[in-house]
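Quick notes on the structure that follows.
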Amino acid sequence: MLTDEELTSRLTTAFQESVPELTYTGRVPRVRRSATLATTSVLAAATALALAPHALQRGPEPAPQGVPSVRPSGQSPTRAGHTVTRTLDVAGLRLTYASVDGSPGPLYFVLGPDTGVPAGAEQVDVGLPVDVWFVDDPAPGDPQVLIRTHDASTLYGLLAPGWTHQQLLDLLEHGSQQQ
Amino acid sequence: MITERREQRAFEAFVADASGRLMRTAYLLCGDSGHAEDLVQTALFRTARRWHRARQQPEAYARRVVVNLAKDRWRTLGRRPGEAAVALDTFDTAATGREDLLERERLLAAIRRLPAGQQAVLVLRFLDDLSVAETAATLGCSEGNVKSQTSRALDRIRDVLDQEKENADADR
């Protein structure tokens with residue numbers, strides 16, 4: 001029988017040798033050093049949001065199913081501190097938002113047809129051909145909703161790090177973030 | 001402005017130093033490199049956003065976010081993260097014998113059968129080499145909880161490996 005020491009030693013080796021060489025190739029965001037800087041960035045973001053087009057349309061096709069995780073489509077590379085408008089197609093909705101300071105924006109993932117809505121999720125009416133539920137935030141300041149079209153059983157998740165619940169709701173209701 | 005640039009350079013140095021380790025942790029927690037990068041990107045964004053607080057221990061802060069996002073993903077998916085198997089071709093087959101390889105795969109398979117919380121404890125303690133106290137802080141639980149989860153996980157892995165060994169011996 002293996003001792004704890006032998007087993008933990010094997011675990012360490014197994015972990016180290018089973019993980020491929022992984023390099024982070026994503027964006028490096030800009031820091032917010034102080035409250036003053038944060039305020040400035042928020043103002044910049046607010047201005048950017050005001051410029052974001054308020055467009056909500058039915059997407060031409062539902063988002064592809066079976067995709068485990070997808071970044072927003074139609075994004076273009078941004079330099080830190082700049083703002084671009086990005087479009088996200090999810091559950092047949094086309095959502096537009098402004099990305100500021102290298103923010104990754106909302107991330108969506110497809111949960112598939114077999115996943116149910118967890119008990120305790122709060123359903124909200126956004127007046128769209130989809131059902132929307134707020135679920136517990138994975139971390140403070142990272143609101144998350146689940147979305148399901150009325151005519152399809154596939155469940156989608158939409159996570160918006162750094163957004164408020166209201167901003168996320170506005171994005172769904174109006175197709176863009178609101179101030 | 002100078003201070004801001006200095007802080008940005010410090011943050012970029014942190015990313016250059018720690019992002020690979022964060023990616024490895026995220027990979028073992030969620031099971032594939034694409035999701036791992038999503039988790040790390042979100043964690044870096046949140047660390048940057050709260051840099052004035054996180055800068056004392058940025059890697060611990062970012063790792064906490066990675067773990068929280070992974071935990072949330074497990075809850076949302078309603079299944080364990082390890083179902084995406086670690087590919088065998090990630091092993092250095094030239095440097096290890098076939099028996100070693102198989103034994104390691106059996107060990108990883110046993111880990112993947114553990115509850116998500118126990119897997120997280122093992123990854124943090126034995127890949128990231130965190131102490132019990134650091135693991136508890138990362139997971140937001142007590143040190144006693146980390147110890148009991150570790151003990152239970154090791155017992156279960158040992159049971160699985162012993163059972164497999166008995167079966168293999170019986171087949172010979």
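Annotations for the structure displayed:
The rows are residues; the columns are (1) crowded, with 21+ Cβ neighbours inside 10 Å; (2) hydrophobic (A, V, I, L, M, F, W, C).
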position: B:7; (1), (2): no, no
position: B:12; (1), (2): no, no
position: B:25; (1), (2): yes, no
position: B:36; (1), (2): yes, yes
position: B:43; (1), (2): yes, yes
position: B:58; (1), (2): yes, no
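- Restricted to the stretch A:4-25, and to residues there that are surrounded by fewer than 18 Cβ atoms within 10 Å (Cβ to Cβ) and of a type in the set (Val, Ile, Thr), the residue that is nearest to the chain's Cα centre (by Cα) is A:25.
- Residue tally, condition modelled with pLDDT of 90 or more and either farther than 29 Å from residue A:118 by Cα or more than 9 Å from every other protein chain (Cβ to nearest Cβ) (or both), over the stretch B:57-74: 9
- Filter result for residue B:104 (at pLDDT 75 or above, crowded, with 19+ Cβ neighbours inside 10 Å, more than 10 Å from chain A (Cβ to nearest Cβ) and more than 20 Å from residue A:144 (Cβ to Cβ)): no
- For residue B:44, the requirement of being modelled with pLDDT of 90 or more and at the interface with chain A (Cβ under 7 Å from one of its Cβ atoms) is met.
For every residue, the table says whether it meets (1) within 17 Å of the chain's Cα centre (by Cα); (2) at pLDDT below 65.
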| position | (1), (2) |
| --- | --- |
| A:73 | yes, yes |
| A:80 | no, yes |
| A:84 | yes, no |
| A:87 | yes, no |
| A:91 | yes, no |
| A:103 | yes, yes |
| A:120 | no, no |
| A:126 | no, no |
| A:134 | yes, no |
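- In the stretch B:137-148, the qualifying residues are those that are of a type outside the set (Gly, Ala, Ser) and more than 15 Å from the chain's Cα centre (by Cα), and the one that is farthest from residue A:2 (Cα to Cα) is B:141.
The values are calculated or read from the model by the stated rules, or taken from the named source; none is laboratory data. Keep in mind the model is a prediction, meaning the values are calculated, not measured. Ideal geometry is used to build each Cβ from the backbone, glycine not excepted, and the neighbour counts take in all protein chains shown.
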